[in-house]
Amino acid sequence: MITQEKGKKFHIGNFEIDVVVHGFPGKSVCHGPLGFSTVALVRHGDRLALVDVGGFGQRLLLQDRLSELGLTPSDVTDVLLTHSHYDHAINWLLFPNANVVIGNDELEWALEQPWGETFVPELYVRELQQSSQLREVESGNEVFPGITAHMTPGHTPGSLIFVLEAGERDVVFTGDACKNRAELVSRTADMTYDAEVTRASIETIWKFWSHRPGSILVPGHDLPMVQDNGKVRYLGEREAAIKAWYSDDLNKTTVISLTESHGR
């Protein structure tokens, strides 16, 4: 059975999934990447896993959202990183009691990247390599009860997706192997080192997502989705806005909405 609360919480079998922070499928025009990435919490028994953990801009937000759920960072037992980019991986340091899972191919690649030139947070990756919390995994490994990692290169060479087999329905956490609905439907991506490799990975994602009717896909930079009669449908409503000081009065702000009606 699956139940949904406000598009952010799902109960599937013996699992409870909270989309703690939903990602945003867009880019800044003038100020570099937004880095608004998805963070999801999976509860199973006494285990609590976060799938990706966001970047600096989400650090306080992430702590606030956990607090709203009655949790502290120390309660998290597992951190599952889809890949090493800063907007998905930096905040692993917030979780002192967690196993930190990352693909061994991804970690090896990230450690080889030139400092100061890529989206890899060099010092954080180096610290992770030396940490007792590190758990390197390979494609096919079970990384959490009911969750298996699968290699989906293209965005980075060692990108993983995580597939939660929850009984009647599954949940597929794609990270940036497929960042948003546009990439999912078009089978293309705007950030890839090889378009054909990415296309093959997105086809793999479709296979996992289509394996059981009603399965949920949680992308790296968009709302959760399901398939209805061959069409992709969002779950929940997008929330995104910027508050700006455009006047001489600190108490006067302008709110710029980043949302639009997406249809169903």
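Read-outs: derived from the displayed coordinates by stated rules, not from any lab. Keep in mind that this is a model prediction, so the values were computed, not measured. Every residue, glycine as well, gets a Cβ built from its backbone with ideal geometry; the counts of neighbours run over all protein chains shown.
Sort Trp245, Trp209, Trp109 so that the residue with the fewest other Cβ atoms within 10 Å of its own Cβ comes first and the one with the most comes last. Could the numbers behind the result be given before it?
Details: Trp245 11, Trp209 23, Trp109 19.
Placing the least packed residue first, the sequence is Trp245, Trp109, Trp209.
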Could you tell me the distance between the Cα centroids of segment 159-182 and segment 199-264, to the nearest Å?
14
Under 5 Å between amide hydrogens, which residues at least 5 positions from Gly26 or on another chain qualify, with H placed 1.01 Å from N in the peptide plane?
none
Cα gyration tensor, segment 89-224 - rounded (a/c under 1.5), prolate or oblate:
oblate
Phi-derived 3J(HN,Hα) across segment 190-201 with the Karplus relation (6.51, -1.76, 1.60, θ = phi - 60°), rounded Hz, x for Gly and Pro, is 8, 9, 8, 8, 7, 4, 6, 5, 4, 4, 5, 5
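When a footprinting reagent is the concern and you count Cβ atoms within 10 Å, what order do Ser132, Ser210 take, fewest first? Provide the component values of the computation, followed by the final result.
Working: Ser132 6, Ser210 14.
The fewest-first ordering by Cβ neighbours comes to Ser132, Ser210.
Between Arg135 and Leu258, what is 0.36 nm times their sequence separation minus the Cα-Cα distance? Round to one decimal in nm. Don't jump to the answer; show the numbers that get you there.
Working: separation 123, 0.36 × 123 = 44.28 nm, distance 3.72 nm.
That pair, Arg135 and Leu258, stretches by 40.6 nm at full extension.
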Starting from the 7 Å offset along Cα-to-Cβ, what nm value, one decimal, do you get for the label separation of Lys207 and Trp245?
5.4
Enumerate the calculated ³J(HN,Hα) couplings along segment 101-116 in order (Karplus 6.51 cos²θ - 1.76 cosθ + 1.60, θ = phi - 60°), each rounded to whole Hz, writing x wherever the residue is Gly or Pro.
9, 8, x, 5, 5, 5, 5, 4, 5, 4, 5, 8, 6, x, 5, x
Calculate the spin-label point distance for Thr72 paired with Ala200, positioning each point 7 Å from the Cα along the beta-carbon direction, and give it in nanometres.
4.7
With just the Cα atoms defining each centre, how far is segment 45-66 from segment 22-38? Give it in Å.
18
Would you compute, from DSSP H runs of 4+ residues alone, the mean residue ellipticity of the chain at 222 nm, taking -39500 (n - 2.57) per run and dividing by the full residue count, rounded to the nearest 500?
-6000 deg cm²/dmol
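Rank by packing, highest mean first: peptides 157-163, 182-188, 136-142, with packing defined as the count of other Cβ atoms within 10 Å averaged across residues. Could you put the intermediate results ahead of the total?
On the way: 157-163: 24.7, 182-188: 16.0, 136-142: 14.3.
So the order, starting with the most tightly packed, is 157-163, 182-188, 136-142.
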Arranged by the count of other C-beta atoms within 10 angstrom, fewest first, what order do His31, His22, His88 take?
His31, His22, His88
